[in-house]
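In what follows, a structure is listed as structure tokens, so that the remarks can point back to it.
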Amino acid sequence: MAAGWQDVVRDAAAVREAAAVAVDAALLAGVLMRTGEQPHSSDVVNYAPFTLLPSTVPRALFEQAYAVQQDFNLLVDAISQNKEFLEQTLASTIKVDDFTARLFRIYMQVLEEGLAQTVFLGINRSDYMFDCGLDGKAALRQIEINTIAASFGGLTSRTADVHRLVLKVLGKTEEASHLLPNNPAKGLALGIAKAWELYGSQRAVVMFLVEEVQRNIFDQRCIENELWNRNIHVVRKRFRDVFEQGSLDASRRLYMDGQEVAVVYYREGYVPQVYDQQNWEARLLLERSRAVKCPDIATQLAGTKKVQQELSRPGMLEKLLPGHPEAIARIRATFAGLYSLDEGEEGDRVAATAIADPDRFVLKPQREGGGNNLYGEELREVLEKIKDSPERTSYILMDKIRPQPALNYLLRAHSPLQVSECISELGIFGVYVRQGQELVLNEAAGHLLRTKAIEHADGGVAAGVAVLDTPYLV
Ligand code: ADP
Ligand code: MG
């Protein structure tokens, strides 16, 4: 907690007043979500959860995270074009993990047929925590990079205004003026618009591939509206719509009921539960098409936890980004300890170390979306059970990051106002566009700060654990 906020936490009346102002400001600014009770309609909505106070973030680490984003864009794009690396890296994983195997099969199938897609659009979010060392100094440590459906770039474009107002209400006008502007929605839309333009058909639309249950629709609308502002036509479809209405012509242009699609922006498709046989067929159809997929299947695979772990092996970044020693140094400086549990001596040793000292680590399966990781006693139990079976290769092991907690209030509809010890996770949005071999756009597009109470080891905003926040640089 910044020295400046201590006085706030002690003043219960001021906190209550500021919280009421904050909630109304969030509603006015459009920091919204559909409710759990009525997830299919916007008739009833509420504010998306957020912190009362902006959380402090060390300025140097914030700048470091921005400075490495273009390097990460370059790296993800390079991995997505490196068949040998993806094949080797995922070989052990796809033997035991059905979901990754299915994605990989589509990847191979599409390569065998030959890519029709010539324009590539990447939107990712690299997430970090601030690891507090024994000397009390914080270091930037990457948690993961999300290469599909990285969300909250829309809603977070509106949280800085809310926090600016809250600080003013609390008598902190000077501090309020230091909050940075932030507009990922605009940056992401710019990337989508560029891909749409390079695809080269005025009549073609951008298709948001959305979930069956769209509680976070307002986050997506922020990006949609930016596209409409540029006179780009947007449609929202689900996998099952693609199964029913989608087709390819002779040059593999994608049509939805006769309407050509230039860009497919996935906000769905990263968890196995979504895919029945029809949805897998729809996914294959999209991947085979000429449309710009964001991400294409190769880029989705580049975002797996297994790939992340292999990147930390000595010499691996040098192989993937030859001729970029400075980018490599910036990337490597953000890595936490990552360990393979593949079968063999190395994996045996790693498993034994984790079982002996589980609190030092996080055990991660090849899943996205929060709530899948294992910690502490649970980690030990699971590893004990699978340590001699090939199943262990579906996980990776990672050093646990230990940020310094700070006091804040997590504002959630229908929840009491209470102070919590919190930790934050900073995400930087990256966007890039490649045409053939030429990278025509490579940018950092803004940031997202998410904060949660320390009693939750895992879980994001959508999972109901973390809340939206704004960094206050110190
Ligand atoms: P997911 O794909 O499910 O988002 P993450 O790797 O981002 O998977 O992990 C989910 C959450 O678990 C993170 O948001 C963070 O709160 C926590 N977490 C993940 N890795 C670590 C780590 N190494 N140390 C501490 N917490 C972690
Ligand atoms: Mg995550």
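Let's see how each residue does on (1) touching a Cys at 6+ places or on another chain (Cβ under 8 Å); (2) without any contact (Cβ under 8 Å) to a residue 40 or more places away in the chain; (3) buried (at least 23 other Cβ atoms within 10 Å of the Cβ); (4) among the acidic types (Asp, Glu):
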| residue | (1), (2), (3), (4) |
| --- | --- |
| ARG238 | no, yes, no, no |
| GLU244 | no, yes, no, yes |
| SER251 | no, no, no, no |
| GLU260 | no, no, no, yes |
| VAL271 | no, no, no, no |
| ARG283 | no, no, yes, no |
| GLY315 | no, yes, no, no |
Looking only at region 104-129, and only at residues there that are hydrophobic (A, V, I, L, M, F, W, C) and touching a helix residue (DSSP H, G or I) at 6+ places or on another chain (Cβ under 6 Å), the one that is nearest to ILE145 (Cα to Cα): ILE123
All positions within region 380-427 that are touching a residue at least 60 places away in the same chain (Cβ under 8 Å), part of a helix (DSSP H, G or I) and open to solvent by 10 Å² or more (accessible area, probe 1.4 Å): PRO390, GLU391, SER394
Extreme residue, most open to solvent (accessible area, probe 1.4 Å), among residues of region 364-379 that are in contact (Cβ under 8 Å) with a residue 60 or more places away in the chain and part of a strand (DSSP E or B): TYR375
Some residue of region 360-370 being assigned by the TED database to the domain that holds VAL166, charged (D, E, K, R) and within 12 Å of ligand 1 (Cβ to nearest atom): no
Residue match in region 162-172 (condition: in contact with a Ser or Thr (Cβ under 6 Å, 6 or more places away or on another chain) and either within 16 Å of ligand 2 (Cβ to nearest atom) or open to solvent by 30 Å² or more (accessible area, probe 1.4 Å) (or both)): no
Residues of region 89-121 that turn out to be outside any helix (DSSP H, G or I) and within 23 Å of ASP276 (Cβ to Cβ), as a count: 1
Extreme residue, surrounded by the fewest Cβ atoms within 10 Å (Cβ to Cβ), among residues of region 1-57 that are of a type in the set (Phe, Trp, Tyr) and in a strand (DSSP E or B): TYR47
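In this structure, is LEU410 at pLDDT 95 or above, more than 16 Å from ligand 2 (Cβ to nearest atom) and outside the structural domain of ALA12 (by the TED database)?
The answer is no for LEU410.
Looking at region 323-334 only, could you name the residues that are farther than 16 Å from ALA65 by Cβ and either in contact with an Asp or Glu (Cβ under 8 Å, 6 or more places away or on another chain) or open to solvent by 90 Å² or more (accessible area, probe 1.4 Å) (or both)? Give the derivation first.
Of the residues in region 323-334, the ones farther than 16 Å from ALA65 by Cβ are 323-326, 328.
Those that are farther than 16 Å from ALA65 by Cβ and either in contact with an Asp or Glu (Cβ under 8 Å, 6 or more places away or on another chain) or open to solvent by 90 Å² or more (accessible area, probe 1.4 Å) (or both): HIS324, PRO325, GLU326, ILE328.
Among the residues of region 287-315, which ones are aliphatic (A, V, I, L, M) and assigned to a strand (DSSP E or B)? Steps first, please.
Going residue by residue through region 287-315, those that are aliphatic (A, V, I, L, M) are 291-292, 297-298, 301-302, 307, 311.
Hit for region 287-315 is VAL292, nothing else.
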Strands (runs of 3 or more DSSP E) within region 428-474 that include 2 or more residues open to solvent by 10 Å² or more (accessible area, probe 1.4 Å) and either of a type in the set (A, V, I, L, M) or farther than 30 Å from LEU115 by Cβ (or both): 438-453, 471-473
Members of region 187-204 that are surrounded by fewer than 19 Cβ atoms within 10 Å (Cβ to Cβ), touching a residue at least 40 places away in the same chain (Cβ under 8 Å) and charged (D, E, K, R): ARG203
Where a residue in region 428-455 is in the same structural domain as ARG412 (by the TED database) and of a type in the set (S, T, N, Q) and its partner, wherever it lies, is in a strand (DSSP E or B) and modelled with pLDDT of 95 or more, with Cβ under 6 Å and at least six apart: GLN435/VAL119; ASN442/TYR432; THR451/THR51; THR451/SER55; THR451/CYS422; THR451/SER424; THR451/VAL467; THR451/ASP469
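Of all residues in region 116-142, count the ones that are within 12 Å of ligand 1 (Cβ to nearest atom) and either under 10 Å from the mean Cα position of the chain (by Cα) or free of Cβ contacts under 8 Å to residues at least 40 places away in the same chain (or both). Quick ask: steps written out before the conclusion?
Taking region 116-142 as the starting set, the residues that turn out to be within 12 Å of ligand 1 (Cβ to nearest atom) are 125-132, 141-142.
Next cut, either under 10 Å from the mean Cα position of the chain (by Cα) or free of Cβ contacts under 8 Å to residues at least 40 places away in the same chain (or both) only: 125-127.
Final tally of qualifying residues: 3.
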Scan of region 122-161 for residues that are in a strand (DSSP E or B), away from ligand 2 (no atom under 16 Å from the Cβ) and buried (at least 22 other Cβ atoms within 10 Å of the Cβ), ordered by number: GLY122
Tabulated pairs, region 164-183, first within 15 Å of THR56 (Cβ to Cβ), second assigned to a helix (DSSP H, G or I) and open to solvent by 60 Å² or more (accessible area, probe 1.4 Å), C-beta under 8 angstrom, 6+ apart or interchain: LEU167/THR173; ALA176/LEU165; ALA176/LYS168
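The values are calculated or read from the model by the stated rules, or taken from the named source; none is laboratory data. The structure presented is a predicted model; accordingly, all values stated were derived computationally and were not measured. Ideal geometry is used to build each Cβ from the backbone, glycine not excepted, and the neighbour counts take in all protein chains shown. Quick note on the areas: whole protein, heavy atoms, side chains included, nothing else; ligands and nucleic acids left out. Shrake-Rupley method; radii C 1.70, N 1.55, O 1.52, S 1.80 Å.
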